[in-house]
Amino acid sequence: MKRKGFLFRLALLNTFKRKARAGLAVGGIALSSGVMIFLFGVSDGLRSLVTQEISNNDTANVITVNQRNVKEVKLDQEKISSIKSISGVSDVQQLVGMVGSIQYHGNIVNLPLYAVTSDFFRVSPAQKISGNITGEPKESNIILSKKALDTLSLNPGEAIHRKVSLSTIIPEAYAAEGKSEEERSIEPSLFAIEGGIERGNLPVAYIPIEYLVQQGLTGVSQLKVTVSYPEKMSAVRESIEQMGYQTSSIQDSIDQVNRVFSVIQSIILLFGIIALVITVVGTFNVITLTLIEEMKQIGFLRLMGMQKKAVGFLFIAQAVMLTLVGAVAGSVFGVMAGLFANGAAQSLVGETTFTNNVYVFQIPIIQIIIILTLSIVLGWLIGFFPAKKAVRVGPLEELRI
């Protein structure tokens with residue numbers, strides 16, 4: 001045990017005696033393994049983020065329906081009734097967008113205005129900041145985004161039940177044919193603020209679609225179709241598309257993310273190959289140069305009774321130290337870069353888009369263990385050939401070098 005400890009200390013001294021040389025070898029390994037750890041962590045983080053968003057809301061079984069051409073295929077009440085009758089459809093929520101003007105105590109804001117059915121926020125979740133959005137908007141209630149409230153100089157907590165004046169014009173595409181702009185104009189009406197939501201830097205308002213139907217609205221721009229069972233998704237989408245509409249679902253996003261993951265995995269593989277080349281070439285050169293420079297030291301130790309096995313252990317230990325230190329440093333670098341990426345993501349998106357905290361990086365524990373294990377195996381392989389050469393040279397010959 002004492003002899004092993006002596007050999008280990010000697011290997012440690014010899015390995016890092018040439019600091020610049022050892023630094024290059026360790027740095028190459030650290031950079032390559034660090035990038036791999038970072039990419040593995042980002043891949044796991046994004047996958048987990050998507051899974052969380054799906055599991056935390058009811059959008060997994062929701063199909064978004066849009067028109068390919070508003071003039072040719074309208075989403076009117078007749079077509080909506082046809083979609084509702086499709087086997088597997090359990091619910092249909094409606095939306096139509098336009099521009100509206102809201103006034104409160106002299107403050108006026110022009111903003112995107114959406115008329116929606118009362119359960120729209122169940123299938124298109126939003127982060128509530130005040131009041132109530134469940135089963136809203138209905139009757140003469142309105143939902144405003146935080147930015148809209150700020151523009152109107154309203155505190156989100158104090159704005160509930162305050163009344164604002166709203167006016168708008170029903171878009172020609174969603175009104176009865178032949179109606180003039182004057183006929184489509186909606187006179188200013190009072191709406192009570194029922195809730196506030198987070199929509200980033202965009203001022204947005206939501207009102208009941210029934211109000212505009214009474215004013216002459218005949219069509220909508222988008223539907224949120226809820227399917228009873230996941231296995232019905234494909235059949236329902238195909239039926240809706242045959243009617244001339246475009247469909248999309250969360251599964252499309254998942255497929256896109258999976259394609260991104262495939263690219264990331266390819267990049268990780270590429271860096272893995274680069275890491276292997278850097279490790280083999282850099283560390284092998286360090287160990288070979290160490291062998292040449294320390295022949296006399298080895299010869300002296302051999303004359304003092306060091307066995308061939310100990311000489312082999314000395315060189316293999318040096319190679320393993322270089323690869324392992326590089327892998328450990330790379331793992332620390334990769335994890336720190338990933339945690340920094342999480343902080344940057346939090347500051348960029350905050351809680352305005354996702355229902356949970358945004359973590360784009362997760363520590364890839366299994367991959368770290370694999371990389372550390374491979375670094376030990378690779379170090380042993382790199383040190384094997386210089387060790388074999390050192391063992392073959394006699395002690396007297398080594399002292400003459």
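The values are calculated or read from the model by the stated rules, or taken from the named source; none is laboratory data. Bear in mind that the values here come from a model prediction, so they are computed numbers and not experimental data. Here Cβ is always computed from backbone atoms with ideal geometry, including for glycine, and neighbour counts include all displayed protein chains.
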request  = Evaluate segment 127-144: report whether one residue or more is on the phi > 0 side of the Ramachandran plot, in contact (Cβ under 8 Å) with a residue 60 or more places away in the chain, surrounded by 16 or more Cβ atoms within 10 Å (Cβ to Cβ) and not polar (S, T, N, Q).
outcome  = yes
request  = Report yes if some residue within segment 155-162 is part of a strand (DSSP E or B) and either surrounded by fewer than 20 Cβ atoms within 10 Å (Cβ to Cβ) or in contact with a Leu (Cβ under 6 Å, 6 or more places away or on another chain) (or both); otherwise report no.
outcome  = no
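Okay, residues lined up against (1) assigned to a helix (DSSP H, G or I); (2) polar (S, T, N, Q); (3) modelled with pLDDT under 85:
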residue: Arg3; (1), (2), (3): yes, no, yes
residue: Leu13; (1), (2), (3): yes, no, yes
residue: Gly34; (1), (2), (3): yes, no, no
residue: Gly41; (1), (2), (3): yes, no, no
residue: Asp44; (1), (2), (3): yes, no, yes
residue: Ser48; (1), (2), (3): yes, yes, yes
residue: Thr51; (1), (2), (3): yes, yes, yes
residue: Ile63; (1), (2), (3): no, no, no
residue: Asn66; (1), (2), (3): no, yes, no
remark   = Those residues of segment 72-98 which are closer than 16 Å to Thr117 by Cβ, hydroxyl-bearing (Ser, Thr, Tyr) and more than 36 Å from the chain's Cα centre (by Cα) amount to Ser81
message = List the residue pairs whose Cβ atoms are under 9 Å apart, where the first residue sits in segment 99-119 and is farther than 11 Å from Leu166 by Cα and not assigned by TED's automatic domain parsing to the domain that holds Asn155, the second is at pLDDT 95 or above and among the aliphatic types (A, V, I, L, M), and the two are 6 or more positions apart or on different chains.
response = none
key: Residue list for segment 187-241, filter: β-branched (Val, Ile, Thr), closer than 17 Å to Thr168 by Cβ and in contact (Cβ under 8 Å) with a residue 60 or more places away in the chain   = Ile193, Val204, Ile207, Ile209, Thr218, Val220
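For every residue, the table says whether it meets (1) of a type in the set (Ser, Thr, Tyr); (2) at pLDDT below 80; (3) in contact with a Lys or Arg (Cβ under 6 Å, 6 or more places away or on another chain).
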position	(1), (2), (3)
Ser185	yes, no, no
Ser189	yes, no, no
Gln215	no, no, no
Gly219	no, no, yes
Lys232	no, no, no
Gln256	no, yes, no
Phe261	no, yes, no
Ser266	yes, yes, no
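I need the strands (runs of 3 or more DSSP E) fully contained in segment 169-249, keeping only those with at least 1 residues that are farther than 16 Å from Phe120 by Cβ and of a type in the set (Gly, Ala, Ser).
185-198, 245-249
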Meets criteria (in a strand (DSSP E or B) and more than 14 Å from Ala192 (Cβ to Cβ)) for Thr134 = no
inquiry  = Could you check segment 317-351 and list, in sequence order, the residues that are among the β-branched types (Val, Ile, Thr) and modelled with pLDDT of 75 or more?
reply    = Val320, Thr323, Val325, Val328, Val332, Val335
